[in-house]
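So the structure is just underneath, and the comments pick up after that.
The values are calculated or read from the model by the stated rules, or taken from the named source; none is laboratory data. Fair warning: this is a prediction, and the values are worked out from it, not measured in the lab. Quick reminder, even Gly has a Cβ in these numbers, built from the backbone with ideal geometry, and neighbours come from all protein chains shown. To get the accessible areas, we keep the full protein, side chains included, count just its heavy atoms, and leave off ligands, DNA and RNA. Shrake-Rupley method; radii C 1.70, N 1.55, O 1.52, S 1.80 Å.
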Amino acid sequence: MSIANARASWHGLAMISSDDIRAARAPLACFATIGMVWGAFAAQVPVIKAQIGASDGVFGLSLLVASFGAVGAMWTAPRMDGWLGRWTLPVLALVLGFAFVVPSLAGAPVAFTLGMLCCTCSAGTLDVVMNARVSSVEARRRRPLMNFAHGLFSLAYGLSALLVGLLREAGFSPLTVFALLGVLNLVLVREALRDHGEPLDEDDVSHTDAAPGLLIVAGMVILIAFMAEQATEGWSALHIERSLGGGAAEGAMGPALLGLTMAAGRFGGQALVKSFSEIAVLAVAAVLSAAGAFMAAMAEGLFLAYAGFAVLGLGVSVVAPMAFSFVGRHVSNRARTAAIARISVIGYAGFFIGPPIMGFVSEGFGLSTSFAVMGVALLLVTFILAPMLASHQGRSHAE
């Protein structure tokens, strides 16, 4: 199939059917797993940070070191998938479900960093494989699914953060919470066992007919989106509790609101792709999410902070999925997995470097300034990166 025909085949209904969900049930279960564990972690950042006795800067440094494990794991994801085949998704989901037990046992920053390396390595590999699986289902069924998959992540994230906030108020320790979630995750692992997707081919990953510039620009869009998303997820509870005097349940509402509004935005994004281009949607959405970040930065009370996190979540929700979808439409079938793997390596780095950047800025200038920095970064998507993507689209149409 030619690239032009592949593009044309993407047009059609954007709504998700039960058949779509069944076809992608294994990777969708993994999106839910990752959302659940990261939502639980975000809601417990204040207590874990206090448990290891780390300052903002040291905590951010620990997360930065751990992020290198994720990026390295993404590079090796195709080889891992080649080894494990249809077992890749269930094995990684099972490992990740219990991985956060390790850092929850830490009593010092070094032990916490080593524990987080276990989490980020398994999460990084799983991220690449599950996105590639969803992209393959999209190509096979000629229907967009990426927004729905990422929306499922956000929904699981938000519900998990709410639940863990209540558990914190009830006196449950991080160790107990993560152990309970690991057991709950076994239900999702069972669904991941139904994976019948083609494993990533290491030879294919070395080949792509997409312009390198397209992959770099799209990867940077995803990097900024995930950086803002994960930075807010990781530090919103701390901002509410420390800067605004909220309690544990009130603090957990920060990441919970972000996750739930992101879920709403991503599910709604399934309808937006029927009427608007990915570039137009992500450009407008980035401005909206930047406004939310600035609102959270200026907040002097809980209501404005909550509103800021909600607006940020609604806007940033569709930025990364639209970039994934855009790239998927502009490469051939053979190159699609390679392209997804490459932009994942670039983009998911933002998922892990966001919290460290927040920590470093907070150490020197305060948490409010950290959120303002995220807002500025999001504006780069609208005014620099989106026009660059549009120019790549124009050149490909001319060809």
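Which residues, counting only those in the range 51-72, are within 14 Å of residue 347 (Cα to Cα), open to solvent by 10 Å² or more (accessible area, probe 1.4 Å) and not β-branched (Val, Ile, Thr)? Full working, then the answer.
Looking only at the range 51-72, we keep the residues that are within 14 Å of residue 347 (Cα to Cα), and these are 67-68, 70-72.
If we keep only those that are open to solvent by 10 Å² or more (accessible area, probe 1.4 Å) as well, we get 68, 71-72.
68, 72, listed by residue number.
Any residue that is in contact (Cβ under 8 Å) with a residue 24 or more places away in the chain, open to solvent by 20 Å² or more (accessible area, probe 1.4 Å) and not in a helix (DSSP H, G or I) - is there at least one of those in the range 88-106?
From the range 88-106, those in contact (Cβ under 8 Å) with a residue 24 or more places away in the chain are 88-90, 92-101, 103-106; that's our starting set.
Filter again for open to solvent by 20 Å² or more (accessible area, probe 1.4 Å), leaving 94-95, 98, 101, 105.
This time we only want the ones that are not in a helix (DSSP H, G or I), so: 105.
For the range 88-106, residues in contact (Cβ under 8 Å) with a residue 24 or more places away in the chain, open to solvent by 20 Å² or more (accessible area, probe 1.4 Å) and not in a helix (DSSP H, G or I): present.
Filter the helices (runs of 4 or more DSSP H) completely within the range 227-333 down to those with at least 1 residues that are in contact (Cβ under 8 Å) with a residue 40 or more places away in the chain, surrounded by fewer than 23 Cβ atoms within 10 Å (Cβ to Cβ) and of a type in the set (Gly, Ala, Ser). It would help to see each step written out before you state the result.
Working: elements: 248-272, 278-298, 302-316, 319-329.
Result: 248-272, 278-298, 302-316.
What single numbered condition from (1) open to solvent by 10 Å² or more (accessible area, probe 1.4 Å); (2) in contact with a helix residue (DSSP H, G or I) (Cβ under 9 Å, 6 or more places away or on another chain) fails to hold for residue 120?
(1)
For the range 140-154, name all the residues that are surrounded by fewer than 21 Cβ atoms within 10 Å (Cβ to Cβ) and either in a helix (DSSP H, G or I) or at pLDDT 90 or above (or both).
Applying the first criterion (surrounded by fewer than 21 Cβ atoms within 10 Å (Cβ to Cβ)) to the range 140-154 yields 140-142.
Matches in the range 140-154: 140, 141.
Assess whether residue 37 counts as being modelled with pLDDT of 90 or more, surrounded by fewer than 18 Cβ atoms within 10 Å (Cβ to Cβ) and assigned to a helix (DSSP H, G or I). Walk me through how you get there before you give the answer.
Numbers: modelled with pLDDT of 90 or more: yes; surrounded by fewer than 18 Cβ atoms within 10 Å (Cβ to Cβ): no; assigned to a helix (DSSP H, G or I): yes.
No; evaluated as a whole, the condition is false for this residue.
Please go through the range 155-178 and give me each residue that is over 27 Å from residue 268 (Cβ atoms) and assigned to a helix (DSSP H, G or I), ordered by number.
Let us first name the residues in the range 155-178 that are over 27 Å from residue 268 (Cβ atoms), namely 166-178.
Passing the criteria: 166, 167, 168, 169, 174, 175, 176, 177, 178.
So, in the range 374-399, how many residues would count as being modelled with pLDDT of 90 or more and open to solvent by 60 Å² or more (accessible area, probe 1.4 Å)?
Total satisfying the criteria: 6.
Scan the range 49-75 residue by residue and report those that are farther than 19 Å from residue 353 by Cβ and β-branched (Val, Ile, Thr). Explain how you work it out, then say what you get.
Of all residues in the range 49-75, those farther than 19 Å from residue 353 by Cβ come to 50-53.
52, the sole residue that qualifies.
Within the bounds of the range 126-139, is there any residue that is at pLDDT 90 or above, among the small types (Gly, Ala, Ser) and closer than 21 Å to residue 34 by Cβ?
No: the range 126-139 contains no residue that is at pLDDT 90 or above, among the small types (Gly, Ala, Ser) and closer than 21 Å to residue 34 by Cβ.
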